[in-house]
Amino acid sequence: MNPSEIIRAKRDAKRLDSETIGAFVNAYLQGEVEDYQMSAFLMAAFLNGMSGDEAAALTKAYITSGETIDWSDLPGTPVDKHSTGGVGDNVSLILTPLAAACGAYVPMLSGRGLGHTGGTLDKLESIPGFTTDLSIQRLKAQVKKIGCAMGRQTGELAPADGRIYALRDVTATVESIPLISASIMSKKLAEGAKGLVLDVKVGSGAFMGTPERARELAKMLISIGNAHGQKVRALLTNMWEPLGIAVGNALETAEAILVLRREIKLPELEELTLRLVSEMLIMAELADLDEAAMDIARQKLDDGSALSKFSEMIESQGGDSTVCEDISRLPRANAILPILSKEEGFVSSIDTRAIGLASLELGAGRKKSSDIIDPSVGMKIFAKVGDEISRGGILGEIHASTEESANHAIERVTAAYTFSNDKPMRPDLILERII
């Protein structure tokens with residue numbers, strides 16, 4: 001197995017067979033392929049694409065690089081959700097305890113931030129003491145006891161994907177549909193979930209900029225899952241502005257807690273969460289119809305059951321569960337400055353990717369894999385598409401480590417806004433359902 005010849009073949013847009021892909025991934029794990037060689041392979045795959053068979057082979061190579069979880073002793077169907085990455089998207093923090101409160105079993109393996117998008121693990125780790133490093137035994141025991149767990153990919157589950165995922169984040173190879181598909185499905189298949197609902201993002205804040213690309217990704221993910229006996233459904237959802245108000249790890253965690261406490265109403269964040277949970281409940285055979293599943297989920301959100309489950313999960317994973325009563329226990333930024341509009345009129349569009357990149361520059365994400373995240377930094381985006389803003393009006397606020405970095409972020413955020421004289425139509429949040 002000659003690594004350079006495999007890289008050359010993919011560089012020249014040749015198809016690789018399953019055995020070759022498996023050998024290349026295994027050699028990387030054994031240290032026989034260097035990071036720079038894997039990076040070259042990823043870029044070649046990004047530029048020239050991979051066939052469905054190649055993506056399936058890469059998924060298999062990831063899965064077989066580690067262990068898989070057997071849930072045959074679980075008194076129910078394990079189900080999960082995955083988002084392809086967005087800005088201000090803290091759905092998982094609300095959805096996981098909510099689904100568990102409805103009676104579902106949710107063994108969620110999450111990821112860190114990729115590019116301009118936030119990562120669920122980084123948000124959870126803003127909670128003092130919270131650990132996402134769960135062994136298979138601990139994950140299984142917790143899910144069986146309280147119904148949910150949120151952990152990271154360990155060396156036991158699809159370790160090849162874990163290492164390659166970090167490379168993709170810093171080599172501009174995130175948006176490749178085959179690479180995304182193999183990464184997502186290897187984790188979800190290794191964790192043993194029998195039902196999976198996908199939130200495939202579309203728009204300026206997503207990796208898939210058009211509905212056509214998002215649909216292509218959804219269909220490849222569903223195909224891989226179905227081939228392994230997994231029930232998979234997908235929602236194509238709009239990422240044309242931050243989903244919630246908060247962007248940044250501690251800020252998004254605090255926002256999720258306030259939603260669970262029913263102290264703030266964020267209609268689109270809530271609508272999407274309830275729709276995704278209802279899909280999970282149907283796959284887990286806890287409800288027969290969408291409407292019935294939505295009613296169950298809404299009741300458990302409103303009556304405080306989901307908040308109690310979130311607190312229970314935090315405590316089980318070593319975190320300070322008192323954050324559920326006092327969000328001031330979460331990290332707080334040193335400098336908090338308002339974002340004032342330089343223009344006036346109706347907000348007609350927001351460059352959501354620019355918002356995500358501004359948050360990354362503040363330290364909420366990573367430019368290279370060794371970067372340390374500052375959980376306190378980020379921003380709140382108050383002005384959304386369709387809102388009327390006066391010159392000097394408040395668009396949001398920056399949470400930064402210094403006033404200098406806050407002022408840089410303010411410039412980037414104000415430049416991300418476009419205004420018009422007429423009030424624009426707000427596009428639909430959920431564009432399509434694919435099964």
Exercise for review: Would you be able to tell me the number of residues in the range 327-376 that are closer than 14 Å to T117 by Cα and surrounded by 15 or more Cβ atoms within 10 Å (Cβ to Cβ)?
Suggested key: 17
Practice item. Would you be able to tell me the number of residues in the range 288-328 that are among the polar types (S, T, N, Q) and in contact (Cβ under 8 Å) with a residue 24 or more places away in the chain? Key: 4
Practice item. State all residues of the range 343-402 that are of a type in the set (D, E) and either within 21 Å of R426 (Cα to Cα) or in a loop (DSSP other than H, G, I, E, B) (or both); if no residue qualifies, say none. Key: E343, E344, D351, D371, D374, D387, E388
Review point. Before we move on, is G396 surrounded by 13 or more Cβ atoms within 10 Å (Cβ to Cβ), at pLDDT 95 or above and more than 22 Å from the chain's Cα centre (by Cα)?
Key: yes
Check your understanding: Taking the range 105-122 only, how many residues are in a strand (DSSP E or B) and either farther than 21 Å from G248 by Cα or out of contact with any strand residue (DSSP E or B) (no Cβ under 8 Å at 6 or more places or on another chain) (or both)?
Key -> 5
Exercise for review: Could you please find all residues in the range 283-314 being of a type in the set (V, I, T) and more than 22 Å from the chain's Cα centre (by Cα)?
Suggested key: I296
Review point. Where residues in the range 131-155 are touching a residue at least 12 places away in the same chain (Cβ under 8 Å) and among the aliphatic types (A, V, I, L, M), which of them is surrounded by the fewest Cβ atoms within 10 Å (Cβ to Cβ)?
Key: I146
Exercise for review: Please tell me if G319 is in contact with a Phe, Trp or Tyr (Cβ under 6 Å, 6 or more places away or on another chain) and not assigned by TED's automatic domain parsing to the domain that holds G203.
Suggested key: no
Practice item. Would you mind finding the one in G111, G76, G85 that is surrounded by fewer than 22 Cβ atoms within 10 Å (Cβ to Cβ) and in contact (Cβ under 8 Å) with a residue 24 or more places away in the chain? Key: G76
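The values are calculated or read from the model by the stated rules, or taken from the named source; none is laboratory data. In this text, all values refer to a predicted model and were calculated from it rather than measured experimentally. Counting neighbours? That spans all protein chains shown, and the Cβs are built from the backbone with ideal geometry, glycine included.
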